[in-house]
Amino acid sequence: MLHSGASYPNRTSYFACIKDAAMSTHKEVFLTTAQQGSLSSTTPHPPEQLDARYEYYREIFKTRRKPFAFVDLDLLQQNVERIATQAEGKHIRLASKSIRSTAILRRILEANSCFQGIMCFTTREAAFLAEQGFDDLLLGYPTWNEEDLAEIARVNAQGKRAVLMVDSLEQIAQAERVAQQFAVRLPLCLDIDMSLPLPGLHFGVWRSPLRTIADVRPLVEHIQGSEHVLLDGIMGYEAQIAGVGDAFAGQRAKNTLVRLLKRRSLPDIARRRAEIVRYIQEEAGLPLRVVNGGGTGSIHTTRTEAAVTEITVGSGFYSPTLFDNYQAFRYQPALGYAIEIVRRPQPQIYTCQGGGYTASGAVGLDKQPQPYLPKGARLDPMEGAGEVQTPVHYKGALALHPGDPIFMRHAKAGEVCERFTHLLLVQSGTIVDEVTTYRGDGKCFL
């Protein structure tokens, strides 16, 4: 999320400097609703409470073949309620990339009227979701391939709304060609870059070339004159706020620097977004159905912008390990997976079968999955989480044996669903359902 520009001291990217903060051990907590409302930093609960949580899950899953993935519906519900409350009147669009299960998407959409629409990550995924009865589908990323664009044209021709993301005249022209073939008028969304360029530092991610009214104007004017596309909305993802942790244990100096950069970035984000919305709606005279912003890590700031109509949220529902390290919020670890102890090479080392589900992005220890329960379990620093075996160090009070589970958490939210066909749903101490992931539906979109 933080990239070096032309140069930085010692030719080192600032991202590499900050990323060291992610190497600390993740701390799990189980919070009451009252504690969640007041939380500003990570405060671990006593180990005995987490030992009880391990025993709780071990009993629930004692007859289940491992590995398996599960969603704790009680914890998911707490996250759903917290996110709905934090939205403060803004609509929440679900980021399907971070959920990847139609059953879970439906459950969240039905939980509160603030949850409206889905942000998809590929056109084929959007077409699949439309077939499953979902509507108001916003592509979060541009598409070029004509066959993929044809998928979206068919969805719109069938009466559903699927919106293409664009950031160039070439992309618009490509969409127009396909729209004309299918005799539809395709809705478009402009992707606005929300990063903050500083001397020697690109604070944000490399996405769109559209930053200002001057950048946006040619695209808006082209769309205005088109018979085959229409402007439905704009999106600005402030990744440097939503996707960068600022409360890593033992990293006070770096946390302070990240928070300072975030504070500097926020006024720029709000100003540019408001200016572009004002230009489109008042000067160009085009109403915007959607002004999308934010992510899990920026709900508390994005919601304050009057121009924003909706905030995209995905990771907050499952709460993976990368989201343990934010000052402003804390969600419950609702998604996990279990791997099985199969041998014990040393008295305090338990080797499990499988488990090496590493997250995407820049390579680093923060992208590894982490032992979650029992409390105090940790990966071996020389082996990490392996494809076929994962040694786990544990010196705690619980007695572990071959056949017992080690419960793991993924670094990111939805990606672990690519490794499992089903999710076991747990509620009030029992397995209440088993639902498919995208992979279980026979789908692999990327």
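The values are calculated or read from the model by the stated rules, or taken from the named source; none is laboratory data. As the structure is a computational prediction, the values presented were derived from the model and not from experiment. Cβ coordinates were reconstructed from backbone atoms using ideal geometry, including for glycine residues, and neighbour counts include every protein chain displayed. Quick note on the areas: whole protein, heavy atoms, side chains included, nothing else; ligands and nucleic acids left out. Shrake-Rupley method; radii C 1.70, N 1.55, O 1.52, S 1.80 Å.
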### Summary
When all Cα-Cα pair distances of the chain are considered, the percent exceeding 32 Å is 40
### Query
Given labels modelled 7 Å from the Cα in the Cβ direction, how far is it in nm from Val435 to Ala183?
3.9
### Message
Defining a contact as two alpha carbons under 8 Å apart and six or more residues distant in sequence, what relative contact order in percent does segment 75-207 show?
### Response
16
### Task
Whenever you get a sec, line up Leu149, Leu266 from highest to lowest accessible area (probe 1.4 Å, protein heavy atoms).
Leu266, Leu149
### Task
Order the peptides 326-339, 109-122, 385-398, 68-81 from the highest to the lowest mean number of other Cβ atoms within 10 Å of their residues.
326-339, 68-81, 109-122, 385-398
## Note on the structure
With every protein chain kept in place and a 1.4 Å probe, the residues Leu210, Leu365 fall, from largest accessible area down, as Leu365, Leu210
#### Entry: For segment 221-227, Karplus couplings with θ = phi - 60° (6.51, -1.76, 1.60), whole Hz, Gly/Pro x
5, 5, 5, 4, x, 9, 8
### Task
Over the chain, average the accessible area per residue using a 1.4 Å probe and give it in Å², no decimals.
42
### Query
If one puts a single equal scatterer on every Cα of segment 269-406 and applies the Debye formula without solvent, what log₁₀ I(q)/I(0) results at q = 0.08, 0.18 Å⁻¹?
-0.38, -1.00
### Query
Relative to the first principal axis of the alpha-carbon coordinates of the chain, what is the inclination of helix 73-87, with its axis defined by its Cα atoms, in degrees from 0 to 90 and to the nearest 10?
40
### Query
Over the heavy atoms of Asp191, what accessible area does a 1.4 Å probe trace out, to the nearest 10 Å²?
10
## Note on the structure
Nearest-0.05 FRET efficiency for Ala362 and Lys62 at R0 = 41 Å, using Cβ-Cβ distance, is 0.60
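I need the per residue convex hull volume for segment 156-218, using only the alpha carbons, in cubic angstrom as a whole number.
Expressed per residue, the convex hull around the Cα atoms of segment 156-218 is 96 Å³.
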### Query
In the chain, carbon and sulfur make up what percent of the accessible area (probe 1.4 Å)?
50
### Task
Would you kindly compute the Cα radius of gyration of segment 360-446 and its largest Cα-Cα separation (Dmax), both in Å?
15.1, 43
## Note on the structure
Expressed in nanometres to one decimal, the distance between label points 7 Å along Cα→Cβ at Asn145 and Thr421 is 2.4
### Task
Show Thr85, Thr123, Thr256 ordered by accessible area, largest first, where the area counts protein heavy atoms only and the probe is 1.4 Å.
Thr85, Thr256, Thr123
### Message
Name the residue from Ser319, Gly250, Pro197 whose Cα lies farthest towards the positive end of the charge dipole of segment 194-344, charges +1 on Cβ of Lys and Arg and -1 on Cβ of Asp and Glu.
### Response
Gly250
### Query
How many angstrom lie between the C-alpha centres of segment 397-446 and segment 332-377?
13
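Let me check I've understood the local charge: for Met194, count other residues with C-beta under 14 angstrom from its C-beta, Lys and Arg +1, Asp and Glu -1. What total comes out? Write down the numbers at each step before the final one.
Details: positive: Arg207, Arg211, Lys262, Arg264, Arg271, Arg272, Arg273; negative: Asp167, Asp191, Asp193, Asp215, Glu238, Asp268, Glu275, Glu305.
Charge balance near Met194 sits at -1.
Calculate for the chain the 222 nm mean residue ellipticity that helices alone would give, adding -39,500 (n - 2.57) per DSSP H run of length 4 or more and normalising by residue count, nearest 500 deg cm²/dmol.
Numbers: 13 runs with 135 residues, N = 446.
Value at 222 nm, helices only: -9000 deg cm²/dmol.
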## Note on the structure
Spelling it out for His202: with amide H atoms placed in the peptide plane at 1.01 Å from N, the residues 5 or more places away or on another chain with amide H under 5 Å from its amide H are His3, Ser4, Gly5
### FRET efficiency estimate (nearest 0.05) - Cβ-Cβ, Gln132 to Thr212, R0 41 angstrom
0.60
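Please compute the length gained on full extension between His401 and Val342, using 0.36 nm multiplied by the number of residues separating them and subtracting their Cα-Cα distance. Present the calculation step by step, with values, prior to reporting the outcome.
Numbers: separation 59, 0.36 × 59 = 21.24 nm, distance 0.83 nm.
The His401-Val342 span can extend by a further 20.4 nm.
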### Task
Taking the dipole about the Cα centre of segment 78-198, with the C-beta of Lys and Arg at +1 and of Asp and Glu at -1, give me whichever of Leu105, Thr123, Ile152 is farthest to the positive side.
Leu105
#### Entry: Estimated translational D of segment 215-304 in µm²/s (Stokes, Kirkwood radius over Cα pairs; 37 °C; 0.692 mPa s)
219
### Query
About its Cα centre, how strong a charge dipole does the chain have in debye, to the nearest 20, once Lys and Arg get +1 and Asp and Glu get -1 at the Cβ?
1120
### Task
Take the alpha carbon atoms of segment 224-249, find their center, do the same for segment 111-174, and report the distance between the two centers in whole angstrom.
15
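Provide Rg over Rh for segment 106-146; use the alpha carbon set for both Rg and the Kirkwood Rh (inverse mean inverse pair distance).
Values: Rg = 11.3 Å, Rh = 11.1 Å.
In segment 106-146, Rg relative to Rh is 1.02.
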### Summary
Cα-based Rg/(2.2 N^0.38 Å) for segment 50-206, rounded to two decimals, is 1.32
### Task
Using Cα pairs closer than 8 Å and at least 6 residues apart in sequence, work out the relative contact order for the chain, in percent.
21
### Task
Give the relative contact order (percent, whole number) for segment 250-363; include only Cα pairs under 8 Å separated by 6+ residues.
13
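How much net charge surrounds Thr437 when only other residues with a Cβ under 15 Å from its Cβ are counted (Lys, Arg +1; Asp, Glu -1)?
Taking every other residue near Thr437 into account, the sum is +2.
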